[in-house]
1. Consider residue 146 carefully, then state whether it is in contact with a helix residue (DSSP H, G or I) (Cβ under 7 Å, 6 or more places away or on another chain) and at pLDDT below 95.
2. Restricting to the stretch 1-40, count the residues that are within 16 Å of ligand 2 (Cβ to nearest atom) and surrounded by 21 or more Cβ atoms within 10 Å (Cβ to Cβ).
3. Report every pair of residues separated by at least 6 positions or lying on different chains whose Cβ atoms are under 7 Å apart, first residue within the stretch 179-207 and within 16 Å of residue 128 (Cα to Cα) and in contact (Cβ under 8 Å) with a residue 12 or more places away in the chain, second more than 11 Å from ligand 1 (Cβ to nearest atom) and assigned to a loop (DSSP other than H, G, I, E, B).
4. Let me spell it out: the conditions are (1) surrounded by fewer than 16 Cβ atoms within 10 Å (Cβ to Cβ); (2) under 12 Å from the mean Cα position of the chain (by Cα), and residue 44 meets all of them except one. Which number is the exception?
5. Would you confirm whether any residue within the stretch 5-13 is in a helix (DSSP H, G or I) and within 21 Å of residue 133 (Cβ to Cβ)?
6. Go over the candidates 118, 114 one by one and state the one that is surrounded by 17 or more Cβ atoms within 10 Å (Cβ to Cβ), modelled with pLDDT of 95 or more and more than 22 Å from residue 12 (Cα to Cα).
7. Restricting attention to the stretch 192-212, report how many residues are more than 16 Å from ligand 1 (Cβ to nearest atom) and part of a helix (DSSP H, G or I).
8. Does the stretch 178-191 include one or more residues that are surrounded by 13 or more Cβ atoms within 10 Å (Cβ to Cβ), in a loop (DSSP other than H, G, I, E, B) and within 14 Å of ligand 1 (Cβ to nearest atom)?
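The values are calculated or read from the model by the stated rules, or taken from the named source; none is laboratory data. Computed from a predicted model, the values in this text were never measured in an experiment. All Cβ positions, glycine included, derive from the backbone under ideal geometry; neighbour counts span all protein chains shown.
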Ligand SMILES: Nc1ncnc2c1ncn2[C@@H]1O[C@H](COP(=O)(O)OP(=O)(O)OP(=O)(O)O)[C@@H](O)[C@H]1O
Ligand SMILES: [Mg+2]
């Protein structure tokens, strides 16, 4: 018995963490055993790297950034995701490797083919069964993200939030391009209504994917 891996992607403020929590609740209510994880994070090494990666006051070269995300990802895959899938659990992960392709590739300009090779090194055969891409207007997403971090101090405004609109426009376009290239894995969920509506759309996508 193997479980299902569902990743949730999108730019800052798209509603990933909100959807991850509510989707996990709903899947548990329908009888699944679900592990909710976040990336980078959800392991001791991953959470330490998360703190470093979020801190907008620490300068990192783009390739350093990519390696650190892949390192956190490898820890998550080997220590949490694979064991859970082997036990038949479902795994909902808030961001996964498409974020690195979109941010470090489309955002920072690193070679996308190189990044895909890095994902394969970090994840091996562990690829999402389904990816939900929450697609939000960049300005709306950024203002939602900023309303969350406002007042939490300088390090709370993370390095990607600080990049501003033009950077996030490229990242958003990157996500949409990845989705066009892998339509069987990735479902684009337009974020137009409230969180409950978005969660309902995600649940429909999950049902369509796994009902057969
Ligand atoms: N569909 C929605 N409509 C209105 N507000 C929303 C919606 N989804 C989430 N929010 C709110 O927007 C803010 C950002 O949501 P959330 O933290 O889930 O986004 P995120 O994608 O995880 O952001 P980040 O990339 O910064 O972690 C929160 O205050 C959340 O309550
Ligand atoms: Mg979040």
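1. Details: in contact with a helix residue (DSSP H, G or I) (Cβ under 7 Å, 6 or more places away or on another chain): yes; at pLDDT below 95: yes.
Spelling it out, residue 146 is indeed in contact with a helix residue (DSSP H, G or I) (Cβ under 7 Å, 6 or more places away or on another chain) and at pLDDT below 95.
2. The qualifying residues number 17.
3. 185/128
4. Residue 44 satisfies all of (1) surrounded by fewer than 16 Cβ atoms within 10 Å (Cβ to Cβ); (2) under 12 Å from the mean Cα position of the chain (by Cα) except (2).
5. As a first pass, look at the stretch 5-13 and keep what is in a helix (DSSP H, G or I): none.
No: zero hits.
6. Details: 114 fails: surrounded by 17 or more Cβ atoms within 10 Å (Cβ to Cβ).
Exactly one of 118, 114 is surrounded by 17 or more Cβ atoms within 10 Å (Cβ to Cβ), modelled with pLDDT of 95 or more and more than 22 Å from residue 12 (Cα to Cα), namely 118.
7. At the first step, the residues of the stretch 192-212 found to be more than 16 Å from ligand 1 (Cβ to nearest atom) are 206-212.
Among the residues that remain, those that are also part of a helix (DSSP H, G or I) are: 206-210.
Number satisfying all stated conditions: 5.
8. yes
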